[in-house]
1. Within segment 185-204, can one find any residue that is crowded, with 17+ Cβ neighbours inside 10 Å, of a type in the set (Phe, Trp, Tyr) and closer than 29 Å to Ser56 by Cβ?
2. Give segment 120-150 a look and list any residue that's buried (at least 23 other Cβ atoms within 10 Å of the Cβ) and within 12 Å of the ligand (Cβ to nearest atom), or say none.
3. What's the number of the only condition in (1) away from the ligand (no atom under 16 Å from the Cβ); (2) farther than 30 Å from Tyr413 by Cβ; (3) surrounded by fewer than 14 Cβ atoms within 10 Å (Cβ to Cβ) that Lys321 fails to meet?
4. Just for helices (runs of 4 or more DSSP H) wholly inside segment 177-290: which have at least 1 residues that are acidic (Asp, Glu), within 30 Å of Gly125 (Cβ to Cβ) and without any contact (Cβ under 8 Å) to a residue 12 or more places away in the chain?
5. I'd like to know if segment 64-75 contains one or more residues that are in contact (Cβ under 8 Å) with a residue 60 or more places away in the chain and within 16 Å of the ligand (Cβ to nearest atom).
6. Among the helices (runs of 4 or more DSSP H) confined wholly to segment 408-487, which include 1 or more residues that are buried (at least 18 other Cβ atoms within 10 Å of the Cβ) and acidic (Asp, Glu)?
7. State all residues of segment 86-114 that are in a loop (DSSP other than H, G, I, E, B) and away from the ligand (no atom under 14 Å from the Cβ); if no residue qualifies, say none.
8. Just one of the numbered conditions (1) touching a Gly at 6+ places or on another chain (Cβ under 6 Å); (2) away from the ligand (no atom under 13 Å from the Cβ); (3) not in a loop (DSSP other than H, G, I, E, B) is not true of Pro153; which one?
Amino acid sequence: MTDIERIDQLREELHLHNYNYYVLNAPVISDKEFDDLMRELQELEARHPEYMDENSPTMRVGSDINKNFTQIEHKYPMLSLGNTYSQAEVTEFYERVSKALNEDFEICCEMKFDGTSISLTYEHGRLVRAVTRGDGTKGDDVTDNVKTIRSIPLKLHGEGYPDVFEIRGEILMPWVVFEELNRERESREEPLFANPRNAASGTLKLQNSAQVASRKLDAYLYYLLGDNLPCDGHYENLKEAEKWGFKISDITRKVHSLQEVFDFINYWDVERKNLPVATDGIVLKVNSLRQQKNLGYTAKSPRWAIAYKFQAEQALTRLLKVTYQVGRTGAITPVANLEPVQLSGTVVRRASLHNADIIASLDLHVGDSVYVEKGGEIIPKITGVETSLRPAGSEKVTFITHCPECGSPLVRYEDEAAHYCTNETQCPPQIKGKIEHFISRRAMNIEGLGPETVDLFYQEGMIHDVADLYQLQSQDIARLERLGEKSAENIMAGLARSREVPYERVLFALGIRFVGETVAKKIARAFPSIDLLAAATLEDLIQIDEIGTRIAQSILLYFSNKKNRQLVARLKEAGLKMEADEEDRSGYTDNLAGQSIVISGVFQHHSRDEYKALIEKHGGKNVGSISKKTSFILKGDNMGPSKLEKAEKLGIRLVEEDEFLKMIQEA
Ligand code: IVH
């Protein structure tokens with residue numbers, strides 16, 4: 001067998017195993033066998049770049065090329081559904097349809113999946129495009145990210161699918177994946193996702209499709225559009241689509257009476273809690289496409305369908321008091337302390353109140369009877385007050401004016417909902433928060449240290465700021481009951497290694513407000529030492545690409561504080577890198593300043609990642625897909641025909657590898 005034949009064979013096999021595993025939930029080979037086949041295919045494809053295929057199973061692993069999503073107009077607008085919470089309105093819908101049609105009809109009952117909607121276009125059995133709902137008329141092209149979702153077929157099987165059609169559905173993050181993701185985020189001290197819907201839509205918009213692949217999204221498809229669909233029945237079409245390889249929910253039922261509709265609703269209102277993904281209602285659709293056409297649309301939604309939304313579970317309980325938490329940034333979060341109450345299977349004692357405005361709008365009084373809801377969020381929220389039950393003479397909840405931890409007056413910045421304690425250097429949770437950020441993996445990555453150790457050292461009075469870490473003595477750590485000699489050694493080694501962490505990450509580790517990882521990189525490039533940065537003016541700072549006055553002012557504020565300047569000096573003395581290494585500094589030009597460059601194809605001299613780095617090093621911006629704004633395309637071998645066509649249509653210049661290398665070398 002030739003390599004090419006083997007590639008074809010492997011692709012077919014892997015598409016099938018994917019389908020067995022992700023759509024049917026019935027794998028026929030082990031994970032290891034699957035991985036081996038995938039690796040074999042990857043190797044063969046690497047050897048035969050001329051045989052690359054946009055829809056090969058290897059494309060599912062994603063790439064780390066940055067992507068600014070292109071907007072694409074929907075061929076058919078993505079409408080929303082009329083919503084109701086009332087069974088009486090369901091009856092009205094049914095009767096309205098019955099009257100308008102004046103003939104027999106069937107209703108297809110489906111789950112309303114609570115994720116993020118997607119429109120997939122297939123041409124000749126191959127996935128060509130995946131677009132988000134956007135504003136309903138146009139959405140983001142997220143094709144590369146969607147390709148990482150294993151339950152979405154890249155190539156269809158079976159027969160009878162139209163040459164060109166769209167299929168719409170919901171991208172979901174299963175509960176177990178969501179919980180795992182949040183556990184990880186918690187351990188890395190990153191903000192948690194409130195619910196699987198936000199997690200799914202956030203994931204779909206990630207720039208890095210390899211990261212998307214790691215998040216294990218799933219999808220159910222529920223709506224076919226196109227000119228030559230196989231059947232007149234929506235339900236029957238979905239059954240066909242199932243044969244082509246799509247994941248269609250098996251909860252879908254076709255019914256003939258209002259009674260059956262209610263049986264479906266009432267059954268799934270309870271049973272849905274056992275499903276692996278989030279749902280928030282039931283969708284009812286008139287089954288016949290001919291009848292759908294007859295019924296037509298209002299301006300916003302079809303007259304042939306309605307969504308019945310489940311009532312979020314509520315409980316009534318008493319507000320005992322409001323307490324306030326101080327976050328590591330100094331942000332104050334009010335928390336309602338409640339009389340414990342049973343809600344959706346757990347006991348609720350606390351609910352988030354978010355900010356002062358929410359408290360004011362609820363007109364909350366201590367002792368009030370309040371409604372708590374869990375609508376798909378992890379932290380329950382207060383949705384209303386039963387004012388008729390308010391005890392006489394109860395006291396209105398007023399937001400605190402001073403920090404509960406350190407007593408400093410609170411401030412509220414313009415356009416922000418939160419109150420802040422600004423006593424960064426003396427407020428305990430802020431001190432600990434800053435140290436925890438400093439040692440975290442993406443910052444100084446100090447192994448052996450974690451939030452609990454930081455807390456312990458702080459309690460013991462051993463550290464008050466990040467520079468104190470470098471004064472720690474092995475024997476002082478070893479003396480602590482919970483640690484011992486081995487841990488002490490680890491911590492000391494971790495601290496020693498952190499002296500090699502590059503300047504840009506030290507800059508990020510300082511925890512200057514608004515200076516995240518990307519901003520830190522940009523600043524480090526423009527000001528290759530901390531002394532230069534500390535001396536920069538507002539005008540200097542806003543010269544940097546993508547640095548506006550908000551960030552610039554925050555940097556100025558940081559260095560205007562004597563305590564911060566002293567801290568930086570002590571860190572420098574401790575041996576941390578406060579300037580960029582020579583190799584990082586050399587070779588930068590702005591030859592590509594202001595240019596948006598798409599990389600496409602396979603190259604001889606550098607990998608795609610290296611080209612991406614080169615583009616950035618010379619002041620350009622690497623973008624994922626071709627648009628009017630693209631300055632040129634860095635073209636390798638085997639650039640895909642659809643990309644070539646698009647480039648031609650928009651009149652975008654193609655630059656070959658050698659020419660590009662010359663461009664960046666020129667002075
Ligand atoms: S059908 C024109 N079916 O609900 C009707 N939508 O408000 C097209 N959704 O944006 C939608 N489950 O994201 C349909 N089984 C289902 C659904 C469903 C969830 C979402 C979808 C849509 C929204 C409608």
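1. For segment 185-204, residues crowded, with 17+ Cβ neighbours inside 10 Å, of a type in the set (Phe, Trp, Tyr) and closer than 29 Å to Ser56 by Cβ: absent.
2. Once the filter is applied, which keeps residues that are buried (at least 23 other Cβ atoms within 10 Å of the Cβ) and within 12 Å of the ligand (Cβ to nearest atom), segment 120-150 yields only Thr132.
3. (2)
4. 234-244
5. Yes, segment 64-75 contains at least one residue that is in contact (Cβ under 8 Å) with a residue 60 or more places away in the chain and within 16 Å of the ligand (Cβ to nearest atom).
6. Once the helices (runs of 4 or more DSSP H) in segment 408-487 are filtered for at least 1 residues that are buried (at least 18 other Cβ atoms within 10 Å of the Cβ) and acidic (Asp, Glu), what remains is 428-439.
7. Ser86, Asn102, Glu103, Asp104, Phe105, Glu106
8. (3) is the only condition that Pro153 fails.
The values are calculated or read from the model by the stated rules, or taken from the named source; none is laboratory data. Being a predicted model, the structure only gives us computed values, none of them experimental. Because the Cβ atoms are built from the backbone with ideal geometry, glycine has one as well, and the counts that use them run over all protein chains shown.
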